[in-house]
1. Can you find a residue in the stretch 46-54 that is surrounded by fewer than 14 Cβ atoms within 10 Å (Cβ to Cβ), of a type in the set (A, V, I, L, M) and part of a helix (DSSP H, G or I)?
2. For a quick check of your reading of the model, give me the residue pairs whose first member lies in the stretch 13-30 and is more than 13 Å from Leu65 (Cα to Cα), whose second is of a type in the set (Ser, Thr, Tyr), with beta-carbon atoms closer than 9 Å and at least 6 apart or on different chains.
3. Would you check if there is a residue in the stretch 29-37 being under 17 Å from Ser75 (Cα atoms) and not in a helix (DSSP H, G or I)?
4. Consider the stretch 11-45. How many of its residues are within 10 Å of the chain's Cα centre (by Cα), loosely packed, with under 15 Cβ neighbours inside 10 Å and not β-branched (Val, Ile, Thr)?
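All of the numbers you see were taken from the coordinates with simple rules; none came from a lab. Keep in mind that what you see is a predicted model, and the values were worked out from it rather than measured. Every residue, glycine as well, gets a Cβ built from its backbone with ideal geometry; the counts of neighbours run over all protein chains shown.
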Amino acid sequence: MQTSPTHEEFFQSIRIQIHRLRKAGHQAAADAIQDGFSALNGLTDGWAIFMEAIERAIEMVGAKLPHDQVEELQSILSSVRELVYR
């Protein structure tokens with residue numbers, strides 16, 4: 001039985017992706033996600049800004065990333081989209 005991640009686990013997965021992007025030299029993509037992550041304010045508009053930031057980062061470097069990292073970013077994006085459009 002799989003359980004849903006806690007908010008802290010979800011946020012930690014985002015921090016890990018930012019770190020992985022920086023470590024791989026994708027500073028602009030990492031900055032985009034970090035800026036969007038910083039915009040989270042508990043309201044839908046903050047989540048929408050974050051969603052757009054993830055989309056930008058994937059557009060910037062998605063083709064250059066390992067498949068598992070793209071999948072993780074897509075999974076985060078999917079979760080954020082659900083929050084924005086619910």
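1. No, there is no match, as no residue in the stretch 46-54 is surrounded by fewer than 14 Cβ atoms within 10 Å (Cβ to Cβ), of a type in the set (A, V, I, L, M) and part of a helix (DSSP H, G or I).
2. Correct list of pairs: Ser13/Ser75.
3. For the stretch 29-37, residues under 17 Å from Ser75 (Cα atoms) and not in a helix (DSSP H, G or I): absent.
4. Qualifying residue count for the region: 2.
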